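Participant: This is the structure I want to talk about, given as structure tokens.
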Amino acid sequence: MGYTVAVVGATGAVGTRMIQQLEQSTLPIDKVRLLSSSRSAGKVLQYKGQDITVELTTKESFEGVDIALFSAGGSVSAKFAPYAVKAGAVVVDNTSYFRQNPDVPLIVPEVNAQAMDGHNGIIACPNCSTIQMMVALEPIRQKWGLERVIVSTYQAVSGAGQSAINETVREIKEVVNDGVDPKNLHADILPSGGDKKHYPIAFNALAQIDVFTDNDYTYEEMKMTNETKKIMEDDSIAVSATCIRIPVLFSHSESVYIETKEVAPIEEVKDAIAAFPGAVLEDDTEHQVYPQAVNAVGKRETFVGRIRKDLDVEKGIHMWVVSDNLLKGAAWNSVQIAESLHDRGLVGPAKELKFELN
């Protein structure tokens, strides 16, 4: 007998890709329910060629649901995920709301699927930029340990949603077609919809993703720091991030510098990454082969290249990491978690409700 799977935020950039990933999933699925806000309820989407009407998300939406995939914003997850758990579903949440909750495992299946054992009904999906870095670093951590991570990201605008994609495309057209000076473009969304000022992204790079915290790092940067430590279960790893938004529509790129606990021979590092599930080694400088954002679009894997020793630090290594932020960074990682829950026999009601009903 198959599962009933609900997708919350079904009409969004990630939600639509969750549906596509479910279509290709190994999960035994009997029924898919598509849920959204009142703005999108009533729309008709397809799942495996079948028309499905999108329903309004309510507290009663999860009766009979086995797995609920959430990607509709933190406030929606905060309000409705506990009701899904109460109804007997396992929630896979793609927002930041539950990530640092000690009762919620934070999962990249290739890295720490075992952390889901004994879950309390909610599994959190990490930040997109964190996920791809974990896939690249875990094979190194397993063999040589990790002391330090310094990462600079070059993130696609789709990480800020469909409205940011639309804004970017509009701005580029105004510059190319109409001759508008990039600094005179009007912006409403980026770098952060919740902040006071907005800047154009066309032909630009914005050193801000999300709003700033009291320590002058942004929330996006602190997510990478805190999530890395939680996923790897090691608070001693020094992690610092600088997150940049660039005018690329899809796929995040990252320049990652690490220092290992033991000296790691570069060829062995490459072999370890090439053998790791979900990672693809693209590293052949003689033939100019390295990961590129345009090549990662639509693919589930994380691509790793430009792997090289630091010139001055014996245990220092540099690399370039690229992945589709809407697939491995969100939709596929969420469905992959659901598959792992099934494979580990973990789909079922939580033993007790640890999350407050609002």
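Participant: Pick from the stretch 226-250 the residues that are charged (D, E, K, R) and open to solvent by less than 30 Å² (accessible area, probe 1.4 Å): which of them is nearest to Leu326 (Cα to Cα)? Outline the logic, then answer.
Facilitator: Within the stretch 226-250, the first condition is being charged (D, E, K, R), and the residues that meet it are 227, 229-230, 233-235, 245.
Of the ones still in play, those that are also open to solvent by less than 30 Å² (accessible area, probe 1.4 Å) are 227, 245.
On the way: Glu227: 18, Arg245: 15 Å.
Applying the filter and picking the extreme gives Arg245.
Participant: Any idea how many residues of the stretch 189-231 are out of contact with any helix residue (DSSP H, G or I) (no Cβ under 9 Å at 6 or more places or on another chain) and among the aliphatic types (A, V, I, L, M)?
Facilitator: 4
Participant: Right, next: Between a residue in the stretch 321-334 that is closer than 20 Å to Pro139 by Cβ and any residue that is modelled with pLDDT under 95 and buried (at least 24 other Cβ atoms within 10 Å of the Cβ), which pairs come within a Cβ distance under 9 Å, given they are 6 or more apart or on different chains?
Facilitator: Pairs found: none.
Participant: So, one more: Restricting the stretch 138-150 to residues that are outside any helix (DSSP H, G or I) and crowded, with 21+ Cβ neighbours inside 10 Å, which is farthest from the chain's Cα centre (by Cα)? Please lay out each step first, then the result.
Facilitator: Quick first cut of the stretch 138-150, residues outside any helix (DSSP H, G or I) only: 145-150.
Add one more test, that the residue is crowded, with 21+ Cβ neighbours inside 10 Å, and what stays is 146, 149.
Numbers: Leu146: 22, Val149: 19 Å.
The selected residue is Leu146.
Participant: Just checking, how many residues over the stretch 53-84 are touching a strand residue (DSSP E or B) at 6+ places or on another chain (Cβ under 8 Å), open to solvent by 10 Å² or more (accessible area, probe 1.4 Å) and touching a residue at least 40 places away in the same chain (Cβ under 8 Å)?
Facilitator: So the count comes out to 7.
Participant: Which residue is farthest from Ala89 (Cα to Cα), if the candidates are limited to the stretch 20-41 and must be more than 21 Å from the chain's Cα centre (by Cα), open to solvent by less than 50 Å² (accessible area, probe 1.4 Å) and not charged (D, E, K, R)?
Facilitator: We begin by selecting, within the stretch 20-41, every residue more than 21 Å from the chain's Cα centre (by Cα); these are 28-33, 37-41.
Still in the list and also open to solvent by less than 50 Å² (accessible area, probe 1.4 Å): 28-29, 32-33, 40-41.
Adding the requirement that they be not charged (D, E, K, R) leaves 28-29, 32, 40-41.
On the way: Pro28: 15, Ile29: 14, Val32: 13, Ser40: 23, Ala41: 22 Å.
Once the filter is applied, the top-ranked residue is Ser40.
Participant: Name the one entry in Ile209, Ile189 that is of a type in the set (A, V, I, L, M), touching a Phe, Trp or Tyr at 6+ places or on another chain (Cβ under 9 Å) and either assigned to a loop (DSSP other than H, G, I, E, B) or open to solvent by less than 60 Å² (accessible area, probe 1.4 Å) (or both). Spell out how you get there, then give the answer.
Facilitator: Numbers: Ile189 fails: touching a Phe, Trp or Tyr at 6+ places or on another chain (Cβ under 9 Å).
Selected residue: Ile209, the only one of Ile209, Ile189 that is of a type in the set (A, V, I, L, M), touching a Phe, Trp or Tyr at 6+ places or on another chain (Cβ under 9 Å) and either assigned to a loop (DSSP other than H, G, I, E, B) or open to solvent by less than 60 Å² (accessible area, probe 1.4 Å) (or both).
Participant: Using beta carbons and a limit of 6 Å, which pairs, at least six apart or on different chains, have the first residue in the stretch 112-139 and at negative phi and the second one of a type in the set (S, T, N, Q) and open to solvent by 10 Å² or more (accessible area, probe 1.4 Å)?
Facilitator: As it stands, the answer is Ala113/Ser340; Cys125/Asn94, since those pairs meet every condition given.
Participant: If you check every pair at least six apart or on different chains, which have Cβ atoms under 7 Å apart with a residue in the stretch 212-225 that is open to solvent by less than 90 Å² (accessible area, probe 1.4 Å) first and a residue that is among the acidic types (Asp, Glu) second?
Facilitator: So the pair list comes out as Thr218/Asp210; Glu220/Asp210.
Participant: Looking for something part of a loop (DSSP other than H, G, I, E, B) and over 19 Å from the mean Cα position of the chain (by Cα) - is there at least one such residue anywhere in the stretch 151-171? Reasoning before the result, please.
Facilitator: Filtering the stretch 151-171 for residues part of a loop (DSSP other than H, G, I, E, B) gives 156, 161.
Restricting the remaining residues to those that are over 19 Å from the mean Cα position of the chain (by Cα) gives none.
No.
The values are calculated or read from the model by the stated rules, or taken from the named source; none is laboratory data. These numbers were taken from a predicted model, which means no experiment stands behind them. Counting neighbours? That spans all protein chains shown, and the Cβs are built from the backbone with ideal geometry, glycine included. For the accessible areas, the whole protein counts, side chains as well, though only heavy atoms, and no ligand, DNA or RNA atoms are used. Shrake-Rupley method; radii C 1.70, N 1.55, O 1.52, S 1.80 Å.
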